[in-house]
Amino acid sequence: MMTRSELCAFLRAHDTYVILTHRRPDGDTIGCAAALCMGLRQMGKRAAVLQNRQFTPRFAPYLDGLVCAEVPEAATLVSVDIASEGLLSFDAEPYLPRIALAVDHHGSNSLPLENKLVEADKAACGEIIYEILAELGVHITKPIAEALYVAISTDTGCFKYSNTSANTFRVAARLVEAGADVFPINKLFFDTKSFARLKLEARLVDNMEFFAGGRVAICCLPNAWLEELQLTEDDVDAISGFARAIEGVQIGVMIREVENGLGKLSVRTGPEYSASDICQALGGGGHAAAAGASVPGGITGARRAILAVLSERGIVPER
């Protein structure tokens, strides 16, 4: 594990960088990648963000002019907000052996790297990237500030999740001082829903399952619904926490069909439980209140697996 100063020395020592984002990219991985890329370019480095076929239109303005389709032979690869090999984007997977540096805030980070900075006390990886850029002497321009604000605000649910700390607010304030126009960002990411999203939420409510006297709620999102309701990936952004938002629910689970016949579990928990511990039992990981795992068997296999883990722990009755 590196210190922040060692990581900054590493970044100063190389000239060409390609930055990697994770599968099903969210605001934190994209905002971090964009901000780090702009910061490195400001330092006179050659830098780009590797194309991720799962980038969505909502994030396009923050990546404009930063994305590359290929990795130069001499490039140094840096991953941001990627906790494990299985979370690498499909475009980044072939480059796993070449990743030289990782920056992350997941305490469960399992990337097999020596050059790794993991600060698990940070609510968002964007907080770490801000401190790195500050130590490197990068001027926080309006575009950098807005990219980092997207990173931090989306990973904290607009500062409402339990991982939000005093440092989170301090960094956000500095980004506003640097010129970030936060109203349109907050409006876009937290106050605007498409009609398709509203129809999806109604469908999820109708099909939700409750266990343990309402303390556990499980939602399933089949791929067929995406086509039927004409949903885009932007429409299902942040859907993972839907069940946890219901009064009385302490463990909210969202299950989606994903590639290679897997079922993707996203678990959100209240203070009585650890989402990370639950998901680690299924080969995944994450934070205490938000974690994930992918298991074989699609939705059916994932539902069976999560109920088995919860049953083993005495949270739901044996099935």
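Just to confirm a number: summing +1 for Lys and Arg and -1 for Asp and Glu over residues other than Pro271 whose beta-carbon lies under 15 angstrom from that of Pro271, what do you get?
It works out to a net charge of +2.
Charged neighbours of Val295, selected by a Cβ distance under 10 Å, balance to +3 (K, R count +1; D, E count -1).
The slack between Ser274 and Met1, meaning 0.36 nm per residue of separation minus the straight C-alpha distance, is 95.8 nm. Charge tally around Pro57: other residues with Cβ under 13 Å, Lys/Arg +1 each, Asp/Glu -1 each, net -4. P(r) for region 191-243, from all Cα pairs and a bin width of 10 Å, is 23, 55, 19, 3 %, short bins first. Computed with every protein chain present, the accessible area of Tyr62 is close to 40 Å² [probe 1.4 Å]. For region 193-294, the square roots a ≥ b ≥ c of the C-alpha gyration tensor eigenvalues yield an a/c of 1.5 or more together with a/b not exceeding b/c, which makes the shape oblate.
Take the Cβ atoms of Ala212 and Arg12, set R0 to 45 Å, and the FRET efficiency comes out at 0.30. Across region 212-237, the residues whose backbone nitrogen lies under 19 Å from the label position 7 Å along the beta-carbon direction of Glu318 are 212-213. For the chain, the alpha carbon convex hull comes to 129 Å³ per residue, rounded to a whole number.
Per residue, the accessible area of region 168-207 comes to 60 Å², computed with a 1.4 Å probe over protein heavy atoms only. Which stretch or stretches of region 68-84 have amide N atoms under 20 Å from the point lying 7 Å from Ala100's Cα along the Cα→Cβ direction? Answer for region 68-84: 68-82. When the solvent-accessible area of region 39-99 is split by element, carbon and sulfur atoms take up 50 percent of it, the probe being 1.4 Å. Backbone N atoms of region 247-288 closer than 18 Å to the 7 Å Cα→Cβ label point of Thr300 belong to residues 255-265.
Counting heavy atoms of the protein chains only and a 1.4 Å probe, report the per residue accessible area for region 33-107 as a whole number of Å². Don't skip to the end; give the middle numbers.
On the way: 3090 Å² over 75 residues.
Result: 41 Å² per residue.
The values are calculated or read from the model by the stated rules, or taken from the named source; none is laboratory data. Treat the numbers as computed from the prediction; the structure is a model and nothing was measured. All Cβ positions, glycine included, derive from the backbone under ideal geometry; neighbour counts span all protein chains shown. Keep in mind that these areas ignore ligands, DNA and RNA; they rest on the heavy atoms of the full protein, side chains included. Shrake-Rupley method; radii C 1.70, N 1.55, O 1.52, S 1.80 Å.
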